[in-house]
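Just below is one structure, and these are the notes that go with it.
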Amino acid sequence: MVVVEGLTWQQVEQGTDGALYVMARHGAAGMISVATDGDARVRFALTLQTGKRYRPLRDAGLMDALADAGVRVTVHHEPPDEPPVLPLRLPSESSRPEASMQIWWIRAQPGDISRALEKAIGALNPERDRVLIVGLPLKGERLAPVIAAGSGLSTGVLTSDTTQTLGLISDEDLVPTLLHWHGIAPRPGQHPIRVVRDDNGFVTVQALWRRSVWNARGLIPVGVLQVGGGLLAVLWALRRLQQRAASRRADLLLSVAIGSLLSLPAGTVLAPHLPASTLWQYVGAIVLSAAWLSLLAHWGAWHEPFRAYIRACALSAVVVMVDGVAGQHGVRLSIYSAYSLTGIRFYGIGNELMGVLVGCALAWGLYGLPAFLRGALWLGVAVVLANPAWGANLGGLLTAMVGLGSAWEANRVHGKRLAGRVMGWFAAGVAIAGVVMWLDSLRALPSHLGETWLSWRSEGINAVLDTLLSKLALMARVLLSPFAWGVLAVIAVALYAMHRYGTLSILRNGWHSDMVGWLACMATAFLFNDSGFVPAAAILGVGLGATLTRRLEEVYRDSSA
């Protein structure tokens, strides 16, 4: 195994190092997601020992397992005078080694990588040996190249059951891979790397890399368009409400703009299916997809902004659900559901689009469907989010169960009875989540839901605490990010402006029953998801849009409501 600090995919595909280019072309190539927060080298070394990110070493690690199996492990650094960067527990060498493994850690300038690689792998026999080359990205990089070549490995693309994505593996897959190559069974929940034979695998990885870079670079401009455009739409709508005068052209333009902003997340799901050769073509495809959905929602309702908005909610919910059931190609490559480390998701529906789905389903059900169809829709949302093969999002399941369940009950009971029903939905959600995890753990290839259940069962309270701590750590990072504070500031300005103009008069005149559902969905989205601020903000945005467009339609109709 060779770890090369600072190695990027650009260096591989441009042929900066000829040996790497040849191995990537004729071996198996892919991209690896590596945790780079803090000291990237120390973090990666700990993951390489434990097989898990953000997890302290408690039991026997990689080196111990290899030594117990009779594998002699040696660690080299290049240049040799570099201080050791592997905080690994190295056991004594086996007295009768049956196999050997070398770990080379290369910290060299790009021009010196070829010489260091020659020193590391020059003596290997491709008919007998295997080599795994892993790039360790610098801080701020999202993905790094990984190449596997040698005995028994064909030309193709690397993948793993962790990511379920062709061309993408995780740094958590390295330990089970090295164990598997030495005939040692990985622990439950660990997945070795697999090679999918593909003579054009290099091109496949190139496309994956390009898309992840676009997502990384396009997130800020698209996010600014979403948040900044939303604030401008609120202020523009409030101005129109203050004037109390209808202008067909201006009102239609405003309504289409609001519908486009609502549809922007669905546009990020559709855009990966469209051709694009540059970043700005990709961003343009997102914006045009959103505008197309908005215009489709306005068809036959050109001067009914609230009706068109609810149609746009329906279209957005359908896009996310259909893509989730069909394999999540658009969801996993969406800018909004991208993991901060990879630029793409592994699988399932992430919390960002989960918030959009729940918010749009709530608006569509409350204002556009009769009771029977409303219940069927909300049940379908919960099923899609809970299914490990579709949504794989138990936080989303609890959000749907409690939030949408509260909205269902709000029109039927009030006071203490409503609180009791809400607690009943929460208990049902927790029970269903447990059953889903247990059933998923029985599958031959469980998702992270079933693997979490297996980990809890085998490791006990320590595994449960690790899960909770990792969730809290991610929530803290999201809440402390400048983006989160910027979004909160924009939301505060929008709410203040709406309150000042009297649009939120509901806060003064008593609660309406539909407000219970919105508040419950936002609260549960925030509490039950590790990045809960994001889906809660998405649900709030959908609700504000519904409030504004309903008021606009009342003005257009000269209503006295």
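The values are calculated or read from the model by the stated rules, or taken from the named source; none is laboratory data. Given the structure is predicted, the values throughout are model-derived calculations rather than measurements. Here Cβ is always computed from backbone atoms with ideal geometry, including for glycine, and neighbour counts include all displayed protein chains.
Structure notes:
- Residue in the range 541-549 that is of a type outside the set (D, E) and over 26 Å from S263 (Cα atoms) present: no
- Among all positions in the range 346-358, there is at least one residue which is out of contact with any Asp or Glu (no Cβ under 9 Å at 6 or more places or on another chain) and of a type in the set (D, E).
- Selection status of G218, part of a helix (DSSP H, G or I), outside the structural domain of L20 (by TED's automatic domain parsing) and within 30 Å of R500 (Cα to Cα): no
- Residue ID - nearest to V358 (Cα to Cα), chosen from residues in the range 517-532 that are modelled with pLDDT under 90 and surrounded by 20 or more Cβ atoms within 10 Å (Cβ to Cβ): G517
- The residues listed here are V358, V422, V402; of these, the one that is touching a Ser or Thr at 6+ places or on another chain (Cβ under 6 Å), over 30 Å from R443 (Cβ atoms) and outside any loop (DSSP other than H, G, I, E, B) is V422.
- Just one of (1) out of contact with any helix residue (DSSP H, G or I) (no Cβ under 7 Å at 6 or more places or on another chain); (2) at pLDDT below 95; (3) not charged (D, E, K, R) fails for I335. It is (1).
- The selection criterion, being closer than 26 Å to R550 by Cβ and surrounded by 22 or more Cβ atoms within 10 Å (Cβ to Cβ), does not hold for S247.
- Considering the range 208-232, and only residues there that are without any contact (Cβ under 8 Å) to a residue 40 or more places away in the chain and more than 21 Å from the chain's Cα centre (by Cα), the residue that is surrounded by the most Cβ atoms within 10 Å (Cβ to Cβ) turns out to be G229.
- Pair list, Cβ < 8 Å and 6+ apart or interchain, from the range 179-203 residues that are under 16 Å from I169 (Cα atoms) to residues that are part of a helix (DSSP H, G or I) and among the hydroxyl-bearing types (S, T, Y): G189/T452; G189/S455; P192/T177; I193/T177
- Long-range neighbours under 7 Å by Cβ, at least six apart or interchain, first residue within 8 Å of G403 (Cβ to Cβ) within the range 516-540, second part of a helix (DSSP H, G or I) and of a type in the set (S, T, Y): G517/S406; A520/S406; C521/T399; T524/T399; A525/T399
- Taken together, the residues in the range 537-555 that are surrounded by fewer than 24 Cβ atoms within 10 Å (Cβ to Cβ) and under 19 Å from the mean Cα position of the chain (by Cα) amount to 1.
- Of residues in the range 295-320 being crowded, with 23+ Cβ neighbours inside 10 Å and within 25 Å of the chain's Cα centre (by Cα), the one nearest to Y556 (Cα to Cα): A312
- Restricting the range 188-207 to residues that are crowded, with 16+ Cβ neighbours inside 10 Å and in contact with a Ser or Thr (Cβ under 8 Å, 6 or more places away or on another chain), the residue that is nearest to A285 (Cα to Cα) is G201.
- Residue count, the range 241-268 (criterion: farther than 30 Å from A285 by Cα, in a helix (DSSP H, G or I) and in contact with a helix residue (DSSP H, G or I) (Cβ under 7 Å, 6 or more places away or on another chain)): 1
- Residues in the range 179-190 that are under 24 Å from the mean Cα position of the chain (by Cα) and either part of a helix (DSSP H, G or I) or over 17 Å from M63 (Cα atoms) (or both): P188, G189.
- Annotation for the range 143-158: at least one member residue is assigned to a strand (DSSP E or B) and at pLDDT below 85.
- The criterion of being assigned by TED's automatic domain parsing to the domain that holds E352, assigned to a helix (DSSP H, G or I), in contact (Cβ under 8 Å) with a residue 12 or more places away in the chain and within 29 Å of S294 (Cβ to Cβ) does not hold for G450.
- Scope the range 191-208; condition of a type outside the set (S, T, N, Q), in a helix (DSSP H, G or I) and under 30 Å from G450 (Cβ atoms); matching residues: G201, V205, L208
- From the list V224, V175, the lone residue that is assigned to a helix (DSSP H, G or I), outside the structural domain of R25 (by TED's automatic domain parsing) and not charged (D, E, K, R) is V224.
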